[in-house]
Amino acid sequence: MKKIVILGGGTAGWMAANILNKALAAEGFEIHLIESEQIGIIGVGEGSTPQLKQFFAYLDIDESQWMPACNATYKNGISFNDWTNSEGHNHYFHPFPSPFDQQTLGAFLYYCKLRHQGMDIDCLPNQFFLTAKLAEYAYTPITKEGIAPIKLNYAYHFDSVLLGQFLAKIAKEKGVKHTIATLKSSELDEPIGIKSISLDNGDIVEADLFVDASGFNSELLQKALGVKFHSYSDNLFNDSAIAFPSEITEKYNTQTEASALSAGWAWKIPLTNRYGNGYVFSSRYTDFEQAESELKAHLGIASELEVNARRLKMKVGQVEKHWHKNVLAIGLSQGFIEPLEATALHLVQESLMQFIKHFNKGKFIDENKTAFNQTINERFEGIRDYIVCHYKVNTRTDSQYWQDNRDNPCISENLQAVLEAWDNSEDIASVLQSRNMTQYYPVVSWYCLLAGYQRFPEATAPNKMPASQIEGLRKMLAARTELFIPV
Ligand SMILES: Cc1cc2nc3c(=O)[nH]c(=O)nc-3n(C[C@H](O)[C@H](O)[C@H](O)COP(=O)(O)OP(=O)(O)OC[C@H]3O[C@@H](n4cnc5c(N)ncnc54)[C@H](O)[C@@H]3O)c2cc1C
């Protein structure tokens, strides 16, 4: 029997258990997950990207099974509030583009072009994407019964603790072995990597492959094997967060809200039974107490009300090698790019699927590891650049934090090239494509971001487009929302 041991039972560990079991059990691999009750899980992370749909599809799990079990809701995109100072334009929507948007996408790109040429025209993405309207008017992305399904790209919100429990149940039903114990030490076996791990219940566990899903502790990859961690703190200042729930209203917008505050940003995520709220901030500019007061004020919660805010520290960056010797790191142990675009579980999923692809080619051959590590390193960097861009192009003037983000010279060559092309009214699509950046975020997402921030030269010419045109577009999208199931 060949053996895979997963250390850690957070969302990453249980996602790994399910995927590896599905992919490798038939080849004779036994999957064994070990987790520490004393240490527990991070217990945040309640938004996804659209790729989570493929994760459940891969495991043959239907939305009707997992969504109610995890108090999950649909997410049509992210509403960015107050990231700019633009009068009347301080809110924009980042949709998940889908083929359905082809009809209105052309208009959006054309309007951006006119705005680049100085025409005073409204080209916020909010007006051009159906999912933006579904989110605004509180509709799900699922068509009503009797209406032919319209395939939209959408994501989810969920209770991260319940999601872990749900995945644990499924994995155990499918034969994944589960032990509750805390790691005491790791025994090395050069040049293979880790020979065995010793647990506080007295067990010594050997494996062919160890999956390090031990969260920010990274017990196996970083601590035992000493793989280096490259911090992104020069690019991304946020290193702390607070989180607490609040009551949900009956009708909620089907979106994550990401609102800029004085030293970071706040998330507001609707679940079926509550909102999840949090403030991601930089400890160089504020502290936990101030952050809690500011978040309460932002949410309209009385300052004296006890909310049991959780305090979290974040290690932002990625490891030099995600798969080294016989250890694969998954989840927070491999790295984290702050949660602005909710990409962490997406990276878990992508790392696992890429691992299976490379592992199937030749198991532990170094060539496979090198190719895998390059793919995952580049994916982290690609996502990082898109997120850094949100900070770099902000136009807020209310605090040093925003000023410093805007003035930060530490941005990648790729991001610099995109911004230069945009500012020179050149075609950013060819820059993104030539630099392989579209596999992380499509061209349209970059347009939504930069147009959303109104990063254009000053408008010098009046709007010559007939008002009826944008009004017609608005009416068409609003009418189409009626085809979908309301919240
Ligand atoms: C503020 C914040 C907001 C976030 N928002 C999002 C979001 O919106 N979307 C998203 O996709 N992600 C988000 N994330 C990331 C998300 O929380 C994680 O990617 C996800 O929860 C997976 O975490 P994990 O399983 O890697 O680690 P953890 O949940 O920390 O699990 C680690 C596991 O390892 C075990 N362990 C650790 N040390 C030992 C040991 N010595 N012995 C035995 N077991 C051990 C622990 O007990 C636990 O079971 C967010 C993160 C933060 C900090």
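None of the figures in this text is laboratory data; all of them are computed from the coordinates on show. The structure presented is a predicted model; accordingly, all values stated were derived computationally and were not measured. For neighbour counting, all protein chains shown are included, and Cβ atoms are generated from backbone atoms with ideal geometry for every residue, glycine included.
With K and R counted +1 and D and E -1, the other residues having a Cβ less than 13 Å from that of Leu24 yield a net charge of +3. The length gained by stretching the chain between Met465 and Phe364 to full extension, at 0.36 nm per residue less their Cα-Cα distance, is 30.3 nm. Based on the Cβ-Cβ distance of Ala302 and Glu187, what FRET efficiency does E = 1/(1 + (r/R0)^6) give at R0 = 60 Å, to the nearest 0.05? So the FRET efficiency works out to roughly 0.65.
Between helix 344-362 and the chain there is an angle of about 50 degrees, using the helix long axis and the longest principal axis of the Cα atoms. Our estimate of slack between Glu250 and Lys172, defined as 0.36 nm per intervening residue step minus the Cα-Cα distance, is 24.5 nm. Need one word for the range 240-313: rounded, prolate or oblate. Basis is the Cα gyration tensor (sqrt eigenvalues a ≥ b ≥ c); a/c below 1.5 gives rounded, then a/b vs b/c decides. Cα axes put the range 240-313 in the prolate bin.
Under 8 Å for C-alpha pairs, at least 6 residues apart: give me the relative contact order for the chain, rounded to a whole percent.
On the way: 930 pairs, mean separation 111.2, N = 487.
So the answer I get is 23 percent.
With respect to the chain, whose longest principal axis is taken over its alpha-carbon atoms, helix 160-173 is tilted by about 40°. When both the range 71-94 and the range 285-348 are represented by their alpha-carbon centers, they are found 20 Å apart.
Between rounded, prolate and oblate, where does the range 390-487 land on the alpha carbon gyration tensor, with a ≥ b ≥ c its root eigenvalues, rounded for a/c under 1.5, else prolate if a/b exceeds b/c? Prolate is the answer for the range 390-487, as a/c is 1.5 or above and a/b outweighs b/c.
Can you pull a Stokes-Einstein diffusion coefficient for the chain at 20 °C (1.002 mPa s), Rh from Kirkwood over Cα pairs, as a whole number of µm²/s?
Translational D for this selection: 91 µm²/s.
Normalised by the number of residues in the range 240-313, the average gap of Cα pairs under 8 Å and 6 or more apart makes the relative contact order 38 percent.
Here the sum of -39500 (n - 2.57) over DSSP H runs of 4 or more residues, divided by the residues of the chain, equals -11000 deg cm²/dmol at 222 nm, to the nearest 500.
Of the GluC sites (Glu not before Pro) in the range 427-487, the ones in a loop by DSSP (not H, G, I, E or B) with at most 14 other beta carbons within 10 Å are Glu458, Glu482.
Please compute the net charge surrounding Leu345, taking Lys and Arg as +1 and Asp and Glu as -1 over other residues with Cβ under 13 Å from its Cβ. Mind dumping the intermediate values first?
Details: positive: Lys53, Lys75; negative: Glu46, Glu341, Glu350.
So the surrounding residues net to -1.
Distance from the Cα centroid of the range 186-232 to that of the range 156-182 is 21 Å (rounded to whole angstrom).
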